1. Name every residue in region 288-328 that is without any contact (Cβ under 8 Å) to a residue 60 or more places away in the chain, surrounded by fewer than 20 Cβ atoms within 10 Å (Cβ to Cβ) and in a strand (DSSP E or B), in order of residue number.
2. Test Ser308 against the stated conditions and say whether it is at pLDDT 85 or above, assigned by TED's automatic domain parsing to the domain that holds Phe338 and closer than 18 Å to Gly343 by Cα.
3. Name, by its number, the condition in (1) modelled with pLDDT of 90 or more; (2) more than 26 Å from Val239 (Cβ to Cβ) that does not hold for Phe402.
4. Under 7 Å by Cβ, and 6 or more places apart or on different chains, what pairs join a residue from region 155-170 that is farther than 10 Å from Tyr138 by Cβ with one that is assigned to a helix (DSSP H, G or I) and of a type outside the set (Asp, Glu)?
5. Under the condition of being among the hydroxyl-bearing types (Ser, Thr, Tyr) and under 18 Å from the mean Cα position of the chain (by Cα), which residue from region 335-366 is modelled with the highest pLDDT?
6. Test Ile344 against the criterion of being part of a loop (DSSP other than H, G, I, E, B) and either hydrophobic (A, V, I, L, M, F, W, C) or in contact with a Lys or Arg (Cβ under 7 Å, 6 or more places away or on another chain) (or both), and give yes or no.
7. Name the residue, out of Lys484, Lys542, Lys532, Lys499, that is out of contact with any strand residue (DSSP E or B) (no Cβ under 9 Å at 6 or more places or on another chain) and charged (D, E, K, R).
8. Answer yes if at least one residue in region 239-252 is more than 26 Å from Ser190 (Cβ to Cβ), of a type in the set (A, V, I, L, M, F, W, C) and either surrounded by 16 or more Cβ atoms within 10 Å (Cβ to Cβ) or modelled with pLDDT of 75 or more (or both), and no otherwise.
Amino acid sequence: MAKSKKKNKKAALIFSKENIEIVNRKFFENVEDIPQILKTRTKESKLNEHNLAHGLLGSGFCTYTLKDSTINASENFFKMLGLSGVKKIDESKLREIINPADNEDLITAVKNLPSIDEQGCEVKALIINQLGQKETKYFKVNFSLLKKNIILASILDISEHYRWNEDLIKAKERAEAADSLKTTFLTNFSHEIRTPMNSILGFTELLNIGEHTPEQKAEYLSIIKIKSKELLGLIDDIVELAKFESGEITITKTETNLAKLLSDLQQEFYNEKERLKKNQVELFLSLPADNTYNTIYTDTGRLHQVISYLLDNAIKYTEKGYVQFGYEVKDNKHLIIFVKDTGIGISKDKQKYLFTKLKYKEETIVYRDMEKGLSLTIARAIVEALGGRIYVESTQDEGSYFYFTIPIVKSIAANTTETNHKLDTPNWKNKIILVAEDEEMNFKFIEAILFNTQAQLIHVQDGQQAVELCKSLSKIDLILMDIKMPEMNGYDAVREIKKIRNNVPIIAQTAYTFKEERSRCIDAGCNDYISKPIDVNLLIQKINRFFVD
């Protein structure tokens, strides 16, 4: 019994060595040794060992007799072709799987074998998998002439590698296309920045040259103001878009009177229509008879922003006819807010690009200002953040119908809105205002704004100076605190000041335009917030709140 075990162990060692030898000859690169190896074993053991060797390699093999087209194959060969359990296959069945028309290299390799001895190629095959589904696979095939009329083929499934390579090529093509579009986008964006800047600088220069009538001066100043706001809007849009794409945007939902919001927009864009001299365009507001959903719970500011974008585009691109907007009830869960116009319309091939940042190339742009302002891209991001979807239906030269859905949510809190109404110049003769501002020109602007109020202004250029002054000066009635400053930023300065002068009101003034910036300033200890460029009337209004007894 012991002798038998020893013999079996020896046989196992020989078997392992021989199989390793076969494995190391991957794809039978040294085929001249194979006939000698095969002679030393029986037909059954030879097939088993080849099956094992190819199983270890993850490949399969077959022999093909040219004389009678006989095909003998390993178990793994059949598995790779989706033929589990099959032991034999004829040439016609193999041709169903591997179509010679798709694999010219295969035919060439087989024909050339008698003169070359070894050939390799890649083969495409249509496989029916175990679920009965068709799938395309790719194989690496190496041929050797085993005897004068017998071909030995070793195959390896390279489908995953092939698809990975295809995906890599597609990714490269997408990256190159995106890079091209990005270049176009930046070129257009640069152009659109320079357009209002040209007007701003040009009319500013005109004001410094020669004599002008009061009417001319008023006209030039009006153009400068309009183009400055246009430029600011462009910058705000690109910053806003970057904020959405980074996932850092916040949605603050409050009670929203939808009817009032739309009514205010009607007045706002009626004035815009008049400014643009669109006398042949009527502006209509359409509200449902049932006012059940006039008050909803959503982000009022963001909703106003989206509708403004749509109305702005509609009025700009409508020369005659009408612009109609409003809302209707879709179901008990959603509202549809719409803007419809009889403007220039948008062709079908352009519509798919309207809500994307990297749009079509410059020569195909129809809505130039939509490209410039990125308004529809931001509109889509806001609507989706609010839980809705935005759509467009349009026919070129006939008009457009933009609409979006928002979910109906019952109000859970009241919203306090801030109105910006013009005030008479207040008298702050006995008031001391500390202005923390590192930019000299910005301070001069504030100084000019508050000149007629007779308030006494103290100017410091960084947060640390503001803190030190609050420690040493007994009377400070209000602080205008810039946020981005050297030495100590506004947030840190406010925190330090509130520790020693908690009763002093602080209004943050910042060029950061993100909506959540207000919350960040309030959290730091500020009592109010105003964004740059500063609205003159709004600043006086905010300061006056703290000075009214």
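1. Listed by number, the residues that qualify are Tyr322, Gln324, Glu328.
2. Judged against the criteria, Ser308 is a match.
3. (2) is the only condition that Phe402 fails.
4. Ile155/Phe77; Ile155/Met80
5. Tyr353
6. So Ile344 passes the test.
7. Just a single option satisfies the conditions, and that option is Lys499.
8. yes
The values are calculated or read from the model by the stated rules, or taken from the named source; none is laboratory data. What you are looking at is a predicted structure, and each value in this text was computed from that prediction instead of being measured. So basically every Cβ, Gly included, is an ideal-geometry build from the backbone, and we count neighbours across all protein chains shown.
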